[in-house]
1. Tell me, yes or no, whether the range A:79-93 has at least one residue that is free of Cβ contacts under 8 Å to residues at least 40 places away in the same chain and assigned to a helix (DSSP H, G or I).
2. For the range B:43-61, name all the residues that are open to solvent by less than 20 Å² (accessible area, probe 1.4 Å), part of a loop (DSSP other than H, G, I, E, B) and more than 7 Å from every other protein chain (Cβ to nearest Cβ).
3. Please work out which residue is nearest to A:A163 (Cα to Cα), limiting yourself to the range A:320-339 and to residues that are assigned to a loop (DSSP other than H, G, I, E, B) and away from every other protein chain (no Cβ under 14 Å).
4. Among the listed residues A:H317, A:H375, which satisfies the condition of being at the interface with chain B (Cβ under 10 Å from one of its Cβ atoms), in a strand (DSSP E or B) and in contact with a Lys or Arg (Cβ under 9 Å, 6 or more places away or on another chain)?
5. Select from the range A:159-174 the residues that are within 11 Å of chain B (Cβ to nearest Cβ) and of a type outside the set (V, I, T) and write down the one among them that is surrounded by the most Cβ atoms within 10 Å (Cβ to Cβ).
6. Sort out which residues of the range A:343-372 are facing chain B (nearest Cβ under 8 Å), touching a residue at least 60 places away in the same chain (Cβ under 8 Å) and out of contact with any Leu (no Cβ under 7 Å at 6 or more places or on another chain), and write them in order of number.
7. What is the one condition in (1) within 11 Å of another protein chain (Cβ to nearest Cβ); (2) modelled with pLDDT of 50 or more that A:G43 does not satisfy?
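The values are calculated or read from the model by the stated rules, or taken from the named source; none is laboratory data. Keep in mind it's a predicted model, so treat the numbers as computed, not measured. In this analysis, Cβ positions are derived from the backbone assuming ideal geometry, glycine residues included, and neighbour counts consider all displayed protein chains. In case anyone asks, the SASA skips ligands and DNA or RNA and just uses the protein heavy atoms, side chains included. Shrake-Rupley method; radii C 1.70, N 1.55, O 1.52, S 1.80 Å.
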Amino acid sequence: MSKSYSRRDFIKTASLAGSWILAPRAYARASKPPLGHVVIIGGGFAGTTAAKYIRMWSLNNIAVTVIEKSAQFVSCPLSNLVLGGSKSINDLTFGYDLAKKNHGVKWVQDEVTTIDTNTKKVTMKRGEISYDRLIIAPGIDFMYDAMPYLEAAQEQIPHAWKAGWQTVNLRKQLEVMPDGGLFVMNVPKAPYRCPPGPYERACQVASYLQNNKPKSKVIVLDANAEIISKKGLFTKVFNEMYAGIIDYRPNNAITEVDVASKTITTEFEKVKADVLNVIPPQRAGKPAQMLGLNNIDKRWCEVDFLTYESKLAPNIHVIGDSVSAALPKSAHMATSQARVCASAIVAIMSGSNPDTAPVFANTCYSYVNDKMAIHVANVYRYDEAKKIMVSADGGGVSDKPSEQEGQFAGAWATNIWSDVLT
Amino acid sequence: MLFNKISTLVWLIGCLILTSVAYAAEVSVLSSTPNEQHTRTLAASCAACHGTNGNSAGVSPVLAGLDATYFTTQMLAFKNGSRTSTVMHHHAKGLKADEINDLAVYFSQQNRVANSTLKPQTLRVNHE
């Protein structure tokens, strides 16, 4: 019986042929990724997004290591709801395991101590690592220069501007505050992380007090001349929903704080608080400062908006809140910058050219109570003449607060957390 | 026998071609054109509400695998105001018609996949 060429033989031959051809490439990929190694400092919205999208868009041909000092991701978006009482900090806390597992990202829990650009090496407290390209996504660092005593007084006067135990602390202080008490908070001079955040916070605290301690008041001391995000909407909410509770005072920068008596001095007045929340001015996070990349006002980092490469250091990219830009320092913006940077790095490392005119969107919700939210949404477009990202026509804010937008805001959080962390 | 040998050879060649095509496709994705990058980063910025590659993790519509014509029609309706919305008109009005068309094609080509379930955790005592 002559041997007939069966379908099974076909498949056997085909798969043998396939494995013969594929084997050397698979081996090469397992031992050393052909396109190099990107190290990312910071596992927040920006850094974690960059890690995932570099892996996805390079089809795992670029190795990625994230260095993050915290074991957990705690979302700043929605953390004001912890103060209002409709969320717990444990609703906003996540692990990094899916980000690592789903995309093969190497993760090092450590703190960066030095960066050597000559040897392309990052040194941490417990080791060192080499990179071909480095992304710095460190978020913000608080500036206590003007009032250094506040740095040691964070237990009594929390900033709660990085979500975590300070958020919980501030909530506990509100819970024990007597009815008729005074909550005082400030808004630092812009730019700072999350432009509408302080005004959302005032609403959340006011919402809690209105329902639980109705004789209490909220004073907002704003270093800026006016509400700097969603102004019309927040003004209306302050004056209508929280009439007699929120007292908004613009042009009122803090000059001094007496920690023991929780008394704030501004250029115009002295205010004694029962619960005091001081949000310090901010600058690019410490790893960006190590290389002096915060060249704008000694605070923020100047970058090329096509690649997010630092204007001061080749092969080093900066993304997220540390970037100097006419862009809101929001979580969505951090992820949008991260993806443009990721796409450009994949292009450069695989020998092609980055997009010359990136466009991306930003949507930012603020909750005005436990259920209703408002938004600001814009498309941003690269301006080739100015070489910066500018807001496109057509963006804008909600007509009014609504429960529907409250649901959308929840969907936004669910989706952005899932996109970043899985 | 001869037939078998020829057919084996044909299959081997076929496999080589297929593998080369797969490899070429991979390389072409890596060395994507600036316009392909433009569309993928723009599409990815929709992920905050609509999930990775348009696979929504909840509430917001899934865009992955959506009919391209339907996508374009709806986006143009948001853009010109004939479909009312709370948020989408602020995005659609900022986009050019060709960007909307490119997004439509991009999302129509994405597979619908189930998202990994992200579970919240208890904040550890040693966190900042």
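1. Taking every residue of the range A:79-93 in turn, at least one turns out to be free of Cβ contacts under 8 Å to residues at least 40 places away in the same chain and assigned to a helix (DSSP H, G or I).
2. Scanning the range B:43-61 gives a single hit, B:N55.
3. A:K329
4. A:H375
5. Looking at residues that are within 11 Å of chain B (Cβ to nearest Cβ) and of a type outside the set (V, I, T), I get A:A163.
6. A:S343, the sole residue that qualifies.
7. (1)
Residue-wise test of (1) of a type in the set (K, R); (2) open to solvent by 40 Å² or more (accessible area, probe 1.4 Å); (3) over 30 Å from the mean Cα position of the chain (by Cα).
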position: A:R201; (1), (2), (3): yes, no, no
position: A:Y208; (1), (2), (3): no, no, no
position: A:K213; (1), (2), (3): yes, no, yes
position: A:S216; (1), (2), (3): no, no, yes
position: A:V237; (1), (2), (3): no, no, no
position: A:G244; (1), (2), (3): no, yes, yes
position: A:N252; (1), (2), (3): no, no, no
position: A:T266; (1), (2), (3): no, no, no
position: A:N277; (1), (2), (3): no, no, no
